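Any read-out appearing in this document is the output of simple, stated calculations on the displayed coordinates, not a laboratory observation. Worth saying up front: this structure is predicted, and the values here are computed from it rather than measured. Reconstructed Cβ throughout: ideal geometry from the backbone, glycine too, with neighbour counts over all protein chains shown.
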Amino acid sequence: MTIVFIGDIHQQWDRVARGLDAWDDTPRAAVLLGDIECTRPLDQLAAPLLDRGIAVHWIFGNHDNDGGPEMWANLVEPARNPRTAPGALHGRVTEVAGVRIAGLGGTFRPRIWDPPTPPRVRRRADLPDDLARLGTAWRDDHLKAMAHSLGSTAIWPEDYEALATQRADILVTHEAPASHPAGNAALDALARAMGARLIVHGHHHVTYRAVAADGMRAMGVASAWATHHDGTVLWRGETTRRLPPMPDGWTLEADLSDP
């Protein structure tokens, strides 16, 4: 149990602390799958993990800037988070406990990219010009808020394309791959391009494990739940949502959600 994957915490650190207290083994590392919603710096919030000597790695989700730039800074700002900033996985491949893990935070946003539709905007540097085309009907503060939201938590083609040139064992995402009916097959394609045999995702608050025809696997982790990469549930968090039927091309191996 060297790596634990923890689903969308949504400020429910009490569930994480209780889960750790009830578990005899201590992992070497934890991977947070986004939607953490940091009302304080992550270094402070992640004390239940850090104080046990567990290295914290993380990606962001679509709700991690709901509180605006301050909430976002509490997650990503290195000066606020000297202990957890090195664990940022988005857009990179990091060796964690001997496993190459790639991270892609955020969700697909139609104004940027909603596969299989081609990207509208490929690079963050082009976003200001794109938003300027909205015209004078939009107030400056609204444009600024939109720019922050899209620039931070959208999935950007430039990040996706950079990852696709690298190799990984596991791809962790906030958005779901096509194993979930609301997921996106572009993430399946990214995992295959990287040679990853497992995608671990959050976002939909379901815990399950599925396999594609070529043997690639996907695992969802529900809100504040924790699992091992083989699907072993280490602790349960928030009551999960109903898992929809598997899409074509995927077979359900285990529905691990609460009945």
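For residues that are farther than 15 Å from ALA224 by Cβ and surrounded by 14 or more Cβ atoms within 10 Å (Cβ to Cβ), scanning just the range 19-41, find the one that is nearest to the chain's Cα centre (by Cα).
Restricting to residues being farther than 15 Å from ALA224 by Cβ and surrounded by 14 or more Cβ atoms within 10 Å (Cβ to Cβ), the top hit is ALA29.
Yes or no: the range 37-53 includes at least one residue that is out of contact with any His (no Cβ under 8 Å at 6 or more places or on another chain), assigned to a loop (DSSP other than H, G, I, E, B), touching a residue at least 40 places away in the same chain (Cβ under 8 Å) and acidic (Asp, Glu). Step through it out loud before you land on a result.
Start the filter on the range 37-53 by keeping residues that are out of contact with any His (no Cβ under 8 Å at 6 or more places or on another chain), which leaves 38-53.
Imposing the further condition that a residue be assigned to a loop (DSSP other than H, G, I, E, B) reduces the set to 38-41, 46, 51-53.
Pick out the ones that are also touching a residue at least 40 places away in the same chain (Cβ under 8 Å) and you get 41.
Narrowing the set further to residues that are acidic (Asp, Glu) leaves none.
No: zero hits.
What residue, among those in the range 1-26 that are in contact with a helix residue (DSSP H, G or I) (Cβ under 9 Å, 6 or more places away or on another chain) and part of a loop (DSSP other than H, G, I, E, B), is farthest from ASP66 (Cα to Cα)?
Among those residues, the one meeting the criterion is THR26.
Does GLU70 satisfy being surrounded by fewer than 21 Cβ atoms within 10 Å (Cβ to Cβ) and assigned to a strand (DSSP E or B)?
So GLU70 does not fit the description; no.
Filtering the range 140-154 down to residues that are among the aliphatic types (A, V, I, L, M) and outside any strand (DSSP E or B), which residue is surrounded by the most Cβ atoms within 10 Å (Cβ to Cβ)?
Step by step, filter the range 140-154, then rank; the result is LEU150.
Collect the residues in the range 99-118 that are touching an Asp or Glu at 6+ places or on another chain (Cβ under 9 Å), surrounded by fewer than 17 Cβ atoms within 10 Å (Cβ to Cβ) and assigned to a loop (DSSP other than H, G, I, E, B), keeping them in residue-number order.
ARG111
Could you say which residue among ALA147, ALA132 is within 29 Å of ALA185 (Cα to Cα), among the aliphatic types (A, V, I, L, M), without any contact (Cβ under 8 Å) to a residue 60 or more places away in the chain and in contact with a helix residue (DSSP H, G or I) (Cβ under 9 Å, 6 or more places away or on another chain)?
ALA147
I need every pair where a residue in the range 69-98 that is more than 15 Å from VAL31 (Cβ to Cβ) has its Cβ under 6 Å from the Cβ of a residue that is among the small types (Gly, Ala, Ser), sequence separation at least 6 or different chains.
From residues that are more than 15 Å from VAL31 (Cβ to Cβ), the pairs are TRP72/SER152; PRO78/ALA85.
Name the residues in the range 200-236 that are more than 17 Å from the chain's Cα centre (by Cα) and over 18 Å from THR2 (Cβ atoms), would you?
Those that are more than 17 Å from the chain's Cα centre (by Cα) and over 18 Å from THR2 (Cβ atoms): ALA210, VAL211, ALA212, ALA213, ASP214, GLY215, MET216, ARG236.
For the range 212-232: of the residues being β-branched (Val, Ile, Thr) and buried (at least 16 other Cβ atoms within 10 Å of the Cβ), which is nearest to THR26 (Cα to Cα)? Quick ask: steps written out before the conclusion?
Let us first name the residues in the range 212-232 that are β-branched (Val, Ile, Thr), namely 221, 227, 232.
Imposing the further condition that a residue be buried (at least 16 other Cβ atoms within 10 Å of the Cβ) reduces the set to 221, 227.
Working: VAL221: 19, THR227: 13 Å.
Filtering first and then ranking leaves THR227.
Take the residues of the range 62-93 that are among the aliphatic types (A, V, I, L, M) and under 23 Å from ASP51 (Cα atoms): which is farthest from the chain's Cα centre (by Cα)?
My answer is ALA79.
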